[in-house]
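Report on one structure; see the data block that follows.
The values are calculated or read from the model by the stated rules, or taken from the named source; none is laboratory data. All values reported here derive from a predicted model rather than from experimental measurement. All Cβ positions, glycine included, derive from the backbone under ideal geometry; neighbour counts span all protein chains shown. Surface accessibility is based on the protein's heavy atoms, side chains included, excluding ligands, DNA and RNA. Shrake-Rupley method; radii C 1.70, N 1.55, O 1.52, S 1.80 Å.
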Amino acid sequence: MNQTIVSYLSKYEFYKTLLGLFGGNESLLAFVIYLIVALIIIGFCATVGGLGTFAERKISADLQARIGPNRVGPYGLLQMLADGIKLITKEDIMPYAADKFLFYLAPLLALVGVFATLAVFPWSSGFAMSDLNVGVFYLVAISSLVGLAVFLGGYSSNSKWSMLGGMRGASQIISYEIPVTLSILAIVLLAGGMGFGTIVAQQKGLPFNWFIFHNPFTFIAFFVFFTGALAETNRAPFDLPEAESELVSGYNTEYTGMRFGFFALAEYIEVFVVSGVAVALFLGGSNLPVNIEVDFLPLQFVEVIIFVTKAALLYYVVIWIRWTLPRLRVDQLMSICWKYLTPIAIFNLVGCAIWMVAFNGKSLAELIFGH
Amino acid sequence: MVSLSSYLIISMILFVTGITVMIGRKSLVAILLGVELVMNAAALNFVAYSRYMTDNLDGHVFSLFIIVIAAAEAAVGLAIVIRFFQIKETIHVDEATQLRN
Amino acid sequence: MFVQILFGLSALLTVGCAIALAATKNIMHSCVFLLGTLLGVAGLYATLGADFVATAQIMVYVGGVVILMLFAVMLTGGKDFVSKAQNLLGLAPTMGNKWTYSLAGLVSLVFILTNVKLISSIVKTAPAKTFTNEMPSTVSQLGHLLIKDHVLAFELSSVLLLGALIGAAIIARPKKNQ
């Protein structure tokens, strides 16, 4: 059976008390636990998305020697609430020539694709909603809904800019899926499983045990993964689908109000998800730096804090890259993917396999320091 | 407990719909959509029988191969559709009456 | 209980989207309904305990085939972008008359009844399988099967994919002298 949050909590005493409250109906209790945890995660991630817009403005202001938003609330922290209220109260404009069905569907697909990835997100060793055996594979598969949403949003708006942005977005997301998946495959090869629980448990808390420093190939694979992930989330320097200076705003030109908000929210949450996946696969995940048993419940919260902190640091790097590097051209984008990243990723995969055979699966640190 | 026959009924509906789309539509892309439906019906049957009738997973392997073949078929089929459109400037299947040019 | 609910939702999604696919005139909407059908079939795989097949279905179809179809629709959208009155009930007039339809209906009825008879006899005579609600992971078993029992088909499918890749690239490439 797959490890889930319900099967984790059932180890503790208070689970039995809860079961008594529900009259011994395990299915109902499991449903209630899943519901509560899902609501908590969705609320947390929506907050992360909102804070993402705030962080983006503050950090960009910092990099450009400005002050940034500072009027609403302390340090401008409530700016995201003001933005949200503004987006909700805006008029919802439907272009006359738009394909109405697809126009309604596209923002929902973007949001569904991002939120569905959170089902297997490894917050800590026990607090994953569901530790599927095909976790990473599922995440890569379901997040391709976002590419479809970008494409449909661009098509259904029936405008030239949107159409160009949508086509660029779809081709970019399909292309960059290949190096990303190949890099993930190298890690799956090392860990011997596709579940996030397996992959995180193979790494220990200290940096030289992380998969990024396991061998030289995974070190390269991390950068291939990160570059490809940036492109898949349509972040600068790969934000060609919504290139402001060429395409007005790309695929979401015609969207107003909360529909635009859905696209923006999906993008910011997806950046967080991608950072989290990079942390879980390469940077040690939620492991504590000391080697102790984590059956004690409060330690799980410490693990969650470690995980979120690492992901937030990567989030900062993503924003930093956006405000530092200029945008690429379309032909440069495609040649980077097909001529450089994909061959490097294949080389990494083969290299990892050879390393596994040659050194019996030992990491670089184990080879140097012994056991 | 969901019974085997419920899966078979869904698979039959998928198959019949696919055949209807393949016969009734005149657009080449729509015919490819019908083929995808038919292939999915077959793959669903394989997995359902694998769960209810046997202890091994050969049915899963078969449906994986069906998925692979469907992907290859879609790629080649759509390439042919695009080439056809470049020559005839339509994708109406009744226009495909010549073997060359 | 979860399995029944998931089965019901997936079946509804599959059948509803399949019928909508056949009924709608707009080919772009047909492609989106195909997406719904495929996601529903993936859900049905999940209720059958086929986790890897379900995920592969989502990966290949949502990420690849549906986007490819949408691209093809956009690249070939011309004067007859909306196909001419070929929905489920208003089939094109040249497709046949009442005699051909009734004959085909009779033949398919006989065919279906024969098949139902055959299948039911197989189901009845098959040894009763010890059936559990447990759904163990299929990933490692599938890996062993693919690399041991079905290795020839596995390699052949990789050759097929390579051939399809090259073939599609060559066919879709515009000729130089045009």
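Residue-by-condition table, conditions (1) more than 8 Å from chain C (Cβ to nearest Cβ); (2) touching a residue at least 60 places away in the same chain (Cβ under 8 Å); (3) open to solvent by 40 Å² or more (accessible area, probe 1.4 Å):
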residue: B:Ser3; (1), (2), (3): yes, no, yes
residue: B:Met12; (1), (2), (3): yes, no, yes
residue: B:Ile19; (1), (2), (3): yes, no, yes
residue: B:Val29; (1), (2), (3): no, yes, no
residue: B:Val35; (1), (2), (3): yes, no, no
residue: B:Met39; (1), (2), (3): yes, no, yes
residue: B:Arg51; (1), (2), (3): no, no, no
residue: B:Ala79; (1), (2), (3): no, no, no
residue: B:His92; (1), (2), (3): no, yes, no
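Among the residues of the stretch A:173-188, what is the count of those that are facing chain C (nearest Cβ under 7 Å) and more than 24 Å from A:Cys352 (Cβ to Cβ)?
So the first thing to find is which residues in the stretch A:173-188 are facing chain C (nearest Cβ under 7 Å), and the list is A:174, A:177.
After this cut, where a residue has to be more than 24 Å from A:Cys352 (Cβ to Cβ) as well, the list is A:174.
The qualifying residues number 1.
Picking from A:Ala141, A:Ala170, which residue would you name as being free of Cβ contacts under 8 Å to residues at least 24 places away in the same chain, facing chain C (nearest Cβ under 9 Å), part of a helix (DSSP H, G or I) and more than 17 Å from the chain's Cα centre (by Cα)?
It is A:Ala170.
Say whether the condition of being over 12 Å from the mean Cα position of the chain (by Cα), at the interface with chain C (Cβ under 7 Å from one of its Cβ atoms) and either among the basic types (Lys, Arg) or at negative phi (or both) is met by at least one residue in the stretch B:69-77.
Checked against the condition, which is being over 12 Å from the mean Cα position of the chain (by Cα), at the interface with chain C (Cβ under 7 Å from one of its Cβ atoms) and either among the basic types (Lys, Arg) or at negative phi (or both), the stretch B:69-77 yields at least one hit.
Checking the conditions here, which among A:Gly147, A:Gly154, A:Gly169, A:Gly192 is in contact with a Ser or Thr (Cβ under 8 Å, 6 or more places away or on another chain), within 18 Å of A:Glu270 (Cβ to Cβ) and not β-branched (Val, Ile, Thr)?
Step by step, each of A:Gly147, A:Gly154, A:Gly169, A:Gly192 is checked, and only A:Gly154 is in contact with a Ser or Thr (Cβ under 8 Å, 6 or more places away or on another chain), within 18 Å of A:Glu270 (Cβ to Cβ) and not β-branched (Val, Ile, Thr).
Every residue in the stretch A:248-260 that is of a type in the set (D, E, K, R) and assigned to a helix (DSSP H, G or I), please. Talk me through it step by step, then tell me what you get.
First, pick out the residues of the stretch A:248-260 that are of a type in the set (D, E, K, R): A:254, A:259.
Selection gives A:Arg259 alone.
Does the stretch A:318-335 hold any residues that are within 20 Å of A:Ser183 (Cα to Cα) and without any contact (Cβ under 8 Å) to a residue 40 or more places away in the chain, and which are they?
A:Ser335
Checking C:Thr37 against (1) away from chain A (no Cβ under 14 Å); (2) over 16 Å from B:Ala30 (Cβ atoms); (3) modelled with pLDDT of 85 or more, which test does it fail?
(2)
Only one of these is at pLDDT 90 or above and assigned by TED's automatic domain parsing to the domain that holds C:Val15: C:Ala50, C:Ala72, C:Ala46, C:Ala42. Name it.
On the way: C:Ala50 fails: at pLDDT 90 or above; C:Ala72 fails: at pLDDT 90 or above; C:Ala46 fails: at pLDDT 90 or above.
Unique residue meeting the criteria: C:Ala42.
Whether any residue in the stretch A:81-103 is closer than 18 Å to A:Phe272 by Cβ, open to solvent by less than 60 Å² (accessible area, probe 1.4 Å), without any contact (Cβ under 8 Å) to a residue 24 or more places away in the chain and not in a loop (DSSP other than H, G, I, E, B) is what I want to check. Steps first, please.
Within the stretch A:81-103, the subset closer than 18 Å to A:Phe272 by Cβ is A:83-84.
The next check asks that each one be open to solvent by less than 60 Å² (accessible area, probe 1.4 Å); those that pass are A:83-84.
Add one more test, that the residue is without any contact (Cβ under 8 Å) to a residue 24 or more places away in the chain, and what stays is none.
No, because not a single residue in the stretch A:81-103 is closer than 18 Å to A:Phe272 by Cβ, open to solvent by less than 60 Å² (accessible area, probe 1.4 Å), without any contact (Cβ under 8 Å) to a residue 24 or more places away in the chain and not in a loop (DSSP other than H, G, I, E, B).
Kindly provide the set of residues from the stretch A:262-300 that are in a helix (DSSP H, G or I), over 13 Å from the mean Cα position of the chain (by Cα), hydrophobic (A, V, I, L, M, F, W, C) and over 16 Å from A:Phe211 (Cα atoms), ordered by number.
Answer for the stretch A:262-300, where residues must be in a helix (DSSP H, G or I), over 13 Å from the mean Cα position of the chain (by Cα), hydrophobic (A, V, I, L, M, F, W, C) and over 16 Å from A:Phe211 (Cα atoms): A:Phe262, A:Phe263, A:Ala264, A:Leu297, A:Leu299.
Quickly run through the stretch C:1-11 and pick out the residues that are more than 10 Å from chain B (Cβ to nearest Cβ) and either part of a helix (DSSP H, G or I) or crowded, with 22+ Cβ neighbours inside 10 Å (or both). Lay out the reasoning, then the answer.
Within the stretch C:1-11, the first condition is being more than 10 Å from chain B (Cβ to nearest Cβ), and the residues that meet it are C:1-2, C:5, C:9.
Those that are more than 10 Å from chain B (Cβ to nearest Cβ) and either part of a helix (DSSP H, G or I) or crowded, with 22+ Cβ neighbours inside 10 Å (or both): C:Phe2, C:Ile5, C:Leu9.
Kindly evaluate C:Leu103 against the criterion of being at the interface with another protein chain (Cβ under 7 Å from one of its Cβ atoms) and either over 21 Å from B:Ala75 (Cα atoms) or at pLDDT below 85 (or both).
no
With crowded, with 22+ Cβ neighbours inside 10 Å and over 24 Å from A:Phe282 (Cβ atoms) as the only criterion, which of A:Val120, A:Val150 stands out?
The unique qualifying residue is A:Val150.
Among (1) part of a loop (DSSP other than H, G, I, E, B); (2) open to solvent by 40 Å² or more (accessible area, probe 1.4 Å), which single condition is A:Tyr34 missing?
(1)
Given C:Ala46, C:Ala18, C:Ala72, which one is open to solvent by 10 Å² or more (accessible area, probe 1.4 Å), more than 9 Å from chain A (Cβ to nearest Cβ) and part of a helix (DSSP H, G or I)?
After ruling out the rest, the residue left standing is C:Ala46.
Out of the stretch A:227-247, which residues are in a helix (DSSP H, G or I) and buried (at least 20 other Cβ atoms within 10 Å of the Cβ)? Give the steps one after another, and end with the answer.
Restricting attention to the stretch A:227-247, the residues satisfying the condition of being in a helix (DSSP H, G or I) are A:227-232, A:240-242, A:244-247.
Of everything in the stretch A:227-247, those that are in a helix (DSSP H, G or I) and buried (at least 20 other Cβ atoms within 10 Å of the Cβ) turn out to be A:Thr227, A:Gly228, A:Ala229, A:Leu230, A:Ala231, A:Glu232, A:Leu240, A:Pro241, A:Glu242, A:Leu247.
Quick one: in the stretch C:21-34, which of the residues that are without any contact (Cβ under 8 Å) to a residue 40 or more places away in the chain and more than 10 Å from chain B (Cβ to nearest Cβ) is surrounded by the most Cβ atoms within 10 Å (Cβ to Cβ)?
For the stretch C:21-34, the residue satisfying everything is C:Val32.
Need a quick list: helices (runs of 4 or more DSSP H) entirely within the stretch A:301-371 having at least 2 residues that are open to solvent by 100 Å² or more (accessible area, probe 1.4 Å).
Here the list reads A:342-358, A:364-369.
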